[in-house]
Amino acid sequence: MKLKILYINANTNETLRELELTEEETKALSLDIADIIEFHTNFIKQRIRQNIDKIVEEAVKPQSKVLSAIDKKELIKLLLQKEIFVTHPRDLPDEIKRLIVKKANLSVLKPSE
C-alpha cells in the first residue's frame, strides 16, 4: 500500500506539504508500527498535550512574560469566578489551557538567535 500524507490549511484549503510513501517505505515502516495512521495521529496529539502543558506551566510562573500583565489578571479573575483552585498547572481545565495558549506569546519561550 502506498500512503500519502497531506497537510492542509483548514482555513484556506491550501496544501502546505505533501508526503508520499512508496509501497516499500510503507512496508518498512510497518515493521515496528502496526497502524501507521494511528501512530502518526497519536504522536501529534501527544506532542500537542506536552507543549500545551509546557506553555501553561511557563505562563503561570510569577515572572513569566508568556502572558501580558492584563491577560494574567484576566486569567486570575476567571479562575476565581469559576472557583478553580489547582496546585499544579497541568490540573487546569482544558478550556483554561486553550485560553492560555491562545493568548500566549511563544516567542519568549524560543531561544534567542
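Assorted remarks:
- Using alpha-carbon coordinates, inclination of helix 69-81 to the longest axis of the chain, degrees: 80
- Restricted to Cα atoms, region 18-113 shows a radius of gyration and a Dmax of 18.7, 57 angstrom.
- Percent accessible area from carbon and sulfur atoms, the chain, protein chains only, probe 1.4 Å: 54
- Within a Gaussian network of the chain (alpha carbon springs, distance under 10 Å), most fluctuating of 35, 94, 53: 35
- The chain: angle of helix 94-103 to the longest principal axis, Cα-based, in degrees nearest 10: 90
- Max mean-square fluctuation residue, GNM over the chain, Cα-Cα springs under 10 Å, options 97, 54, 73: 73
- Solvent exposure of the chain as accessible area per residue, Å², 1.4 Å probe: 82
- Estimated at 0.36 nm per residue, the fully extended path between residue 81 and residue 15 surpasses their Cα-Cα distance by 19.5 nm.
- Size of charge dipole - the chain - debye, nearest 20, with Cβ of Lys, Arg +1 and Asp, Glu -1, no other charges: 740
- Degrees between helix 36-59 axis and first principal axis of the chain (Cα, 0 to 90, nearest 10): 20
The values are calculated or read from the model by the stated rules, or taken from the named source; none is laboratory data. This is a predicted model, so every value here is computed, not measured. FYI the Cβ positions are ideal-geometry reconstructions off the backbone, even for glycines, and counts take in every protein chain you see. The accessibility values were calculated without ligands, DNA or RNA, using every heavy atom of the protein model including side chains. Shrake-Rupley method; radii C 1.70, N 1.55, O 1.52, S 1.80 Å.
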